[in-house]
Amino acid sequence: AEAKKEEAEEAEEARKEAERVEAEKAEKAAAKAEAEAEAVACQVAPTPAIPQNLPSCGSALHEEGACSQCCFFVKGRCRNGSACEFCHLPHDKRARGRGS
């Protein structure tokens, strides 16, 4: 009787673990699909106010100084291309401050 109880508990734990793994997979798949949809929306239907000649979606706020530089693009390793949400335009180098 005790062995059956332990076996049932182990089976329940295994079922819960399998459910957790499946939920995690579904969550990752949903996040990936959302990111891909955003990238496609950026490429296919750019905002009319954003000029078409920008190298990336993230470059739109460059003139206002409100963009974030793509650290991969400057090294030639950005895989997102024009769908990148970071700026692909030239930026001034930042001083690497230490201390004060």
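Bear in mind these aren't lab numbers, they're just calculated from the coordinates by the rules spelled out. As the structure is a computational prediction, the values presented were derived from the model and not from experiment. Glycine also receives a Cβ, built like all others from the backbone with ideal geometry; neighbour counts cover every protein chain displayed.
Taking H placed 1.01 Å from N in the peptide plane, check which residues at least 5 places from CYS78 or on another chain put their amide H under 5 Å from its amide H.
Amide H neighbours of CYS78, under 5 Å, 5+ apart: PHE73.
Taking a cut-off of 18 Å between Cα atoms, list the lysines near LYS5, but don't count ones fewer than 8 places away on the same chain.
LYS16
Within 10 Å of each candidate Cβ there may be at most 16 other Cβ atoms; applying that plus a DSSP loop requirement, which GluC sites (Glu not before Pro) in segment 53-100 survive?
Sites meeting the loop and neighbour criteria: GLU63, GLU64.
With r as the distance between the Cβ atoms of GLU63 and ALA35 and R0 = 25 Å, compute the FRET efficiency 1/(1 + (r/R0)^6) and round to 0.05.
Between ALA35 and GLU63 the formula returns 0.45.
Whole-Hz Karplus ³J(HN,Hα) for segment 75-90, in order, using 6.51 cos²θ - 1.76 cosθ + 1.60 and θ = phi - 60°, x for Gly and Pro?
Whole-Hz 3J(HN,Hα) from phi for segment 75-90: 9, x, 10, 6, 9, 8, x, 5, 7, 4, 8, 10, 6, 9, 8, x.
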